[in-house]
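Below is one structure, written out as structure tokens, with a few remarks after it.
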Amino acid sequence: MKTRIIQILVVTILLIMATTFAFANTSDTNRGVMTTITTTIGSDQMTVNGQTITIDSPAVIIDGRTLVPLRAISEAFGAEVSWETNLTVDRIYPFAVNHDPVQPNINVASIKYEYLEILFVQTVGEYFAPSAILVHNDDILWLDVSPTIINGRVMVPLRAISATFGADTTWNADTRTVTITHIPYVRNFVTVGDVTITIRDTLADVEEQLGRADRIDMSVYDFDWHVFNSDLTRLIIVGVRDDVVVAVYTNARRFESSIGNYGEVNNTIHLPIRTRNSVPENTVITDLNNRNLVYAVFIRCNSVRLNSHVDTQALARGFEKQFFDVQNAFRVNNGRRALIWSDGASVAARLHSEDMNSGGFLSHVGSDGSRVPDRLRKQDVRFRSSSENAQTIGGGDIASINAFFALNRFANSERGHRENLINERFTHTGIGIVVNFGMGASLNTVKFFGQ
């Protein structure tokens, strides 16, 4: 058991060590006010921005490594610290738990800091290497000196503090003094008119500004979407987990955000940056067919995870409603009228998506030879003109299964798809989506018609 668990962890570490050291600057882009901390080995005095405070566990040197008091340093940076003992290992290493009857216990120092949750782990027993830092997104930094309890306080390597907060550290050998400087990252935000939603806001903060959500939808991530769609020019979709904001999407008119503003030219990116099956990073989304102007933004907390154990039927129905919202907001922002939802066209769209999913094809012609007008008539939909957009989202990447990326694909794809989105002749729409986690994709059919 010991060998197997350690091998799993070591492989993970080797994969990430080249890119993961200063964890704190993985998500946010704005910087705050610098904090400078100075302390001397063996001294119970520590200065924070020139103010002297007394600490009950001075910095020490053990095995050639400088250890500093975790709580004093962390709280000086504005973080919250807690210490728990004798936890079961599956609290921290769920991927390492097996069916062996004995599992090691661990002591954990937890730091909550902005969008990060950092865990200093100290094992109790012989099953793991001595210690590790785990950021909530499962990035791991192995420590060669274990966290140590001195005078009832948790002491951690100075190097670990640097990695945790993205801080700079200097060592004066003559005076045996450590100086730590840190400029915090400011939480990402989205502003629409007089409303500002910030990552880590509470749901109560959001509802104080916007009222109750018009709808709550399931997502492919570990949170629910709270949709505020009463005014399409101010559409905001907020990801909420445990009553805390962990993600925000908007394609509202004239939004501002910490990473980009509506209508700005952006020549660097128009699709979310991610690795396969990982949650997209904070992303500005641009319209390649309109001078590459920013029209949407997606921001999220660093701790967001995928959730592949959701009800795919409920997920698909929420996906359809979200696509209806973001598509209409896109139309309104391009000077068009919002489309009216058609139940009949949605049934036709859903049946076509199911047909493509079952047959493993993508086409505007059904397996029975039917075309768009045929499928609408079969559902008793009356129309003068009609068209259809169809696409597969994901292609093995579950993280891509959402309405925002589906809209972006249509808006930035070939001419016909975009023209359907903003065609003035169309008055109604029907949306049908099938989610297939087995192939890591969704099949999306959107019907358009005019009466």
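The values are calculated or read from the model by the stated rules, or taken from the named source; none is laboratory data. The shown structure was predicted, so the numbers you read here are calculated from the model rather than taken from an experiment. Note that we place each Cβ from the backbone using ideal geometry, even for glycine, and neighbour counts take in every protein chain shown. Protein only, heavy atoms only, side chains kept; ligands, DNA and RNA dropped before computing areas. Shrake-Rupley method; radii C 1.70, N 1.55, O 1.52, S 1.80 Å.
Candidates in region 315-343 are the residues that are of a type in the set (G, A, S) and surrounded by fewer than 20 Cβ atoms within 10 Å (Cβ to Cβ); of these, the one that is farthest from the chain's Cα centre (by Cα) is G335.
Go through region 67-85 and report how many residues are assigned to a loop (DSSP other than H, G, I, E, B) and either more than 38 Å from the chain's Cα centre (by Cα) or among the β-branched types (V, I, T) (or both).
Within region 67-85, residues that are assigned to a loop (DSSP other than H, G, I, E, B) and either more than 38 Å from the chain's Cα centre (by Cα) or among the β-branched types (V, I, T) (or both) number 0.
Each residue in region 203-260 was checked for being at pLDDT below 95 and in contact with a Phe, Trp or Tyr (Cβ under 6 Å, 6 or more places away or on another chain), and 5 pass. Checking region 229-236 against the condition returns no match, with no residue being at positive phi and open to solvent by 10 Å² or more (accessible area, probe 1.4 Å). What do you reckon, is T196 part of a helix (DSSP H, G or I), of a type outside the set (A, V, I, L, M, F, W, C) and under 19 Å from N261 (Cβ atoms)? When the stated conditions are applied, T196 does not pass them.
Of all residues in region 378-398 being without any contact (Cβ under 8 Å) to a residue 60 or more places away in the chain and closer than 16 Å to R350 by Cβ, which is surrounded by the most Cβ atoms within 10 Å (Cβ to Cβ)? In this case the residue turns out to be N389. Among the residues of region 399-451, those that are open to solvent by 10 Å² or more (accessible area, probe 1.4 Å) and part of a strand (DSSP E or B) comprise H428, V434, V435, N436. If the condition is being open to solvent by less than 50 Å² (accessible area, probe 1.4 Å) and aliphatic (A, V, I, L, M), then region 356-377 contributes M356, V365, V372, L376. Find the residue count for region 158-209, including only residues that are open to solvent by less than 30 Å² (accessible area, probe 1.4 Å) and among the charged types (D, E, K, R). Selection size over region 158-209: 1.
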